[in-house]
1. How much of the DSSP bridge set in the chain is antiparallel, in percent, rounded to the nearest 5?
2. Pairing the Cα long axis of helix 60-69 with the longest principal axis of the chain, what angle in degrees results, from 0 to 90 and rounded to the nearest 10?
3. Compute the long axis of helix 29-44 from its Cα atoms, compare it with the longest principal axis of the Cα atoms of the chain, and write down the angle in degrees, 0 to 90, nearest 10.
4. Quick one: compute a quarter of the convex hull surface over the Cα atoms of the range 1-125 and quote it in nm².
5. In Å², and per residue, what accessible area does the range 175-243 have when probed at 1.4 Å with the other protein chains present?
6. Please report the carbon-and-sulfur percent of the accessible area for the chain; probe 1.4 Å, protein heavy atoms only, DNA, RNA and ligands left out.
7. Quick check on the chain: helices-only [θ] at 222 nm, where DSSP H runs of length 4 and up contribute -39,500 (n - 2.57) each and the sum goes over total residues. Nearest 500, please.
8. Can you tell me the equivalent ellipsoid semi-axes for the range 123-164? Use √(5λ) from the Cα gyration tensor, largest first, whole Å.
Amino acid sequence: MKALRKLALPNGDKVPVLGQGTWKMGESRSRRKDEVAALIHGIELGMTLIDTAEMYAEGGAEEVVADAIKGRRPKVFIVSKVYPHNASRNGVAEACERSLKRLRTDRIDLYLLHWRGSVPLADTIAGFEDLVKAGKIRSYGVSNFDVADMRELHRLPGGKASATNQVLYNLKHRGIEYDLLPWSEKEKLPIMAYSPLEIGPIVKSTAMRRLAERHKVSPVQIALAWVLRRPNVLAIPKASKLDHVDENRAAADLALTQEDLAELDAISPPPRQAGPLEMN
Ligand code: NAP
């Protein structure tokens, strides 16, 4: 197995292009052991970026992450997110303290505004900057921001230091290819693709199955390799089964040909016009 490709964030931190999501983890005691084991397995396979949020299981997912990173903290890159209603200058500081406690660590590597709410963006950035200065977070960024939001962010002091925009992107939801993705490439802003595997009925289509058989992989692996085909896109699939973790890791080594990409465009065509940002 090759080492996972890495991508440099604007502050110079290098992260693997394939990380691990945690939405829906921490919701049930009975599943916790499997969830922790899956995350640990992923870390061992090089998927050392772990995405979580104060929202997931109202803090329960961050506690699962804490178990998984115990004794492994130096090699893990933690991404967490603050609720928009906690995103005032003081609110961000308090939410971050709560997350650090649940994560049982002293630093979040990348702290994101989960989606845009009513708090002025300048206040949130001021809160993020305080946290960077205090060493509680290494960098900050946003999630579910469309091009107009990103432009507004970039006009604010400290806005251009934003390290990523985490958005819905997969073979079924290709909307960002029309405007957000080209804009982000021009600005050298990495995009973190969430729900990379949620492609609905496409997974069962004959064309997709044929393509997967040709590569001796599953349709889900094709879908993940497809998200990772662009140089400034990271993906954070969530898997709580060990074989899913193995499959996802293997998908990162899969190189799709121009012919494969054309077939996938026929299965799910790229957007022809701008539309509102899709969210999950
Ligand atoms: P996803 O990762 O696209 O899909 C997760 C589902 O796929 C789970 O049911 C998982 O099952 C299954 N799966 C994983 N690997 C598989 C494989 N190799 N073959 C077949 N099935 C597989 O969806 P997601 O959880 O919505 O998105 C990923 C992460 O992005 C989240 O966990 C979260 O961290 C983040 N996210 C962020 C936002 C935001 O607003 N910023 C929104 C949504 C998600 P098992 O668990 O049973 O293995």
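The values are calculated or read from the model by the stated rules, or taken from the named source; none is laboratory data. Worth saying up front: this structure is predicted, and the values here are computed from it rather than measured. Using ideal geometry, Cβ is built from the backbone for each residue, glycine included, and neighbour counts are taken over all protein chains shown. The protein model used for the area step is the full one, side chains on, heavy atoms only, and it has no ligands, DNA or RNA in it. Shrake-Rupley method; radii C 1.70, N 1.55, O 1.52, S 1.80 Å.
1. About 10 percent, rounded to the nearest 5.
2. 80
3. That works out to roughly 80 degrees.
4. 8.0
5. It amounts to 45 Å² per residue over the range 175-243.
6. 51
7. So the helix-based figure for the chain works out to -12000 deg cm²/dmol.
8. Ellipsoid half-lengths, sorted descending, are 19, 10, 7 Å.
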